[in-house]
1. Can you tell me which of ARG85, ARG72, ARG49 is among the charged types (D, E, K, R), under 28 Å from GLU131 (Cβ atoms) and surrounded by 15 or more Cβ atoms within 10 Å (Cβ to Cβ)?
2. Can you tell me how many residues in the range 45-73 are β-branched (Val, Ile, Thr) and under 24 Å from the mean Cα position of the chain (by Cα)?
3. Checking the conditions here, which among ALA39, ALA21 is more than 27 Å from PRO166 (Cα to Cα), in contact with a strand residue (DSSP E or B) (Cβ under 7 Å, 6 or more places away or on another chain), outside the structural domain of VAL173 (by TED's automatic domain parsing) and small (Gly, Ala, Ser)?
4. When you check ILE76 against the structure, is it within 24 Å of VAL169 (Cα to Cα), under 24 Å from the mean Cα position of the chain (by Cα) and in the same structural domain as VAL33 (by TED's automatic domain parsing), yes or no?
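The values are calculated or read from the model by the stated rules, or taken from the named source; none is laboratory data. Since this is a predicted model, take the numbers as computed values, not measurements. Here the Cβ positions follow ideal geometry from the backbone for every residue, glycine too, while neighbour counts run over all protein chains shown.
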Amino acid sequence: MADARTTLKVAPRADFGSRNARRLRREGLVPGVVYSGGAEATAFQVAERDVRNVIHEGAALFDLSIDGGKARPVVIKEQQLHPVRGTLRHIDLQEVKLDEAIQAEVTIELEGVEDAPGVKASGVLEHVTREITVEALPTAIPDKITVDVSAMEINDTLQLSVVTPPSGVTFVVDDPNEVTIATLAPPRVEEVAPEVEEETELVGEAEGEGGEAPAEGEGDSGDSEGE
């Protein structure tokens with residue numbers, strides 16, 4: 001298994017601070033840190049394209065080699081992305097022991113969406129939970145959890161409790177019945193606003209309904225007194 005793992009080759013990093021980090025990013029490099037249990041963390045820098053390739057492979061476990069040194073099994077602890085461009089700005093790795101169980105976030109993917117009877121009936125399938133925390137030996141951490149939704153009907157709800165984890169893997173949740181993976185709602189019906197009848201009432205008609213017009217000569221009492 002170890003021979004099949006991808007090795008990410010990085011260089012040590014001695015300069016720190018936001019100014020240095022910006023310089024590295026301009027040069028196409030990503031600053032990172034690898035943590036090793038109780039040992040001191042090690043800072044490194046790596047070409048963004050190299051670390052991107054490893055991430056895109058989707059493997060939860062891979063090897064890290066600093067400056068050509070001995071490969072160390074690691075998992076991704078945290079990664080920071082640019083909020084707009086989506087580029088990788090920083091990555092934290094965690095060194096692991098292959099004989100000790102660890103917890104990791106694993107992506108949940110849905111399969112059979114197009115075959116679901118509720119989808120064929122124009123229902124709306126919503127993927128609610130997209131990641132789940134699992135516990136397993138590092139070599140047993142799955143790249144993803146695939147959930148079959150091909151049997152879902154309209155108004156169905158799929159909970160984590162019906163999903164069987166891979167061998168050697170445990171879902172880290174308090175109650176699987178409270179974790180919703182997907183729902184299938186009825187078709188959305190566009191509401192059409194009722195036509196509003198416009199009143200065509202004439203101004204003169206409105207005045208007539210409001211009361212009698214003043215009698216002739218009552219408009220200005222001052223003029224009559226003058227005569």
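1. Numbers: ARG85 fails: surrounded by 15 or more Cβ atoms within 10 Å (Cβ to Cβ); ARG49 fails: surrounded by 15 or more Cβ atoms within 10 Å (Cβ to Cβ).
None of the others qualify; the one that does is ARG72.
2. Just the residues of the range 45-73 that are β-branched (Val, Ile, Thr), to begin with: 46, 51, 54-55, 66.
Next cut, under 24 Å from the mean Cα position of the chain (by Cα) only: 51, 54-55.
The number of residues fulfilling the criteria is 3.
3. Values: ALA39 fails: in contact with a strand residue (DSSP E or B) (Cβ under 7 Å, 6 or more places away or on another chain).
Sole residue among the options that is more than 27 Å from PRO166 (Cα to Cα), in contact with a strand residue (DSSP E or B) (Cβ under 7 Å, 6 or more places away or on another chain), outside the structural domain of VAL173 (by TED's automatic domain parsing) and small (Gly, Ala, Ser): ALA21.
4. On the way: within 24 Å of VAL169 (Cα to Cα): yes; under 24 Å from the mean Cα position of the chain (by Cα): yes; in the same structural domain as VAL33 (by TED's automatic domain parsing): yes.
For ILE76, the condition - within 24 Å of VAL169 (Cα to Cα), under 24 Å from the mean Cα position of the chain (by Cα) and in the same structural domain as VAL33 (by TED's automatic domain parsing) - is met.
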